[in-house]
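Below is one structure, written out as structure tokens; the observations come after it.
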Amino acid sequence: RWYYKDVHATHQKVQRGVANAAGTFLKEQLFEVDAERAHLGGLKMRRKEARLVGTYLGFATKLVELDLAQNYICDAGVVEIAKSLRLHPTLKMLNLRKNQIMENGCGLLCEALKENAALQIFDLSENRIGNGATVHLCNMLLRNAGLRELFLQGNQISGGKELGQLEQSKRTRLVVKSTYPDKADHRFEMVV
């Protein structure tokens with residue numbers, strides 16, 4: 001009954017040209033909990049919709065790719081996503097490019113990724129992450145064993161000291177992880 005009431009009514013609004021097509025697409029995607037890929041980029045999502053995506057992550061245990069690029073999630077919307085990301089068993093790629101995420105949101109995501117070893121590709125490029133987030137990023141790099149690619153270009157990390165800290169963490173990670181059973185960890189790339 002709730003499905004008919006909400007989703008069917010939204011489809012009727014789309015046919016009449018009244019509803020937001022991006023919002024309708026988001027609702028349809030969030031009902032697909034058995035999907036392996038969810039491409040939700042460019043839907044103009046804000047904090048409210050990001051909370052729904054965070055809840056969706058808790059149910060979508062087969063999800064491998066989550067694309068949330070070019071939205072307006074910002075720090076407040078990252079909270080629920082970070083909670084669900086912490087122990088997600090299958091997510092391998094998370095794209096949060098161009099989402100106006102700042103130091104606090106980056107810190108929450110890094111704390112979640114300290115425990116998540118499944119994620120391999122993490123794109124935080126073209127956000128508003130400043131020099132204050134380098135400590136969180138460095139700590140996450142040293143604890144996360146599964147991450148293969150980290151994209152940070154287009155942020156406000158500009159100081160030579162901060163970039164040096166990130167490079168030092170990258171080198172330390174490669175030395176520490178060389179004793180890890182997975183030798184492929186030497187392919188780790190960080191694009192700043």
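Observations on the model:
- Positions within segment 151-174 being part of a helix (DSSP H, G or I) and either polar (S, T, N, Q) or buried (at least 16 other Cβ atoms within 10 Å of the Cβ) (or both), in sequence order: E162, Q165, L166, Q168, S169, K170, T172, R173
- Of the residues examined, R148 is one that is open to solvent by less than 70 Å² (accessible area, probe 1.4 Å), at pLDDT below 90 and under 20 Å from N95 (Cβ atoms).
- Breaking point among (1) touching a Phe, Trp or Tyr at 6+ places or on another chain (Cβ under 7 Å); (2) on the phi > 0 side of the Ramachandran plot, for Q70: (1)
- Matching residues in segment 104-125 - criterion: being open to solvent by 10 Å² or more (accessible area, probe 1.4 Å), at pLDDT below 95 and in contact with a strand residue (DSSP E or B) (Cβ under 9 Å, 6 or more places away or on another chain): Q120, I121
- Here A50 meets the list (1) small (G, A, S); (2) over 21 Å from M190 (Cα atoms); (3) touching a strand residue (DSSP E or B) at 6+ places or on another chain (Cβ under 7 Å) almost entirely, failing just condition (3).
- Residue ID - farthest from L68 (Cα to Cα), chosen from residues in segment 126-145 that are in a helix (DSSP H, G or I), open to solvent by 10 Å² or more (accessible area, probe 1.4 Å) and in contact with a Gly (Cβ under 8 Å, 6 or more places away or on another chain): N131
- Checklist (1) open to solvent by 50 Å² or more (accessible area, probe 1.4 Å); (2) in contact with a helix residue (DSSP H, G or I) (Cβ under 6 Å, 6 or more places away or on another chain); (3) modelled with pLDDT under 85 applied to T24, failing item: (1)
- Qualifying residues in segment 61-103 (those that are under 26 Å from E162 (Cα atoms) and among the acidic types (D, E)) - the one most open to solvent (accessible area, probe 1.4 Å): E103
- Boolean, G105 is over 12 Å from the mean Cα position of the chain (by Cα) and small (G, A, S): no
The values are calculated or read from the model by the stated rules, or taken from the named source; none is laboratory data. Small disclaimer: the values here were computed from a predicted structure and weren't measured. Note: ideal-geometry Cβ built from the backbone for every residue, glycine included; neighbour counts use all protein chains shown. To get the accessible areas, we keep the full protein, side chains included, count just its heavy atoms, and leave off ligands, DNA and RNA. Shrake-Rupley method; radii C 1.70, N 1.55, O 1.52, S 1.80 Å.
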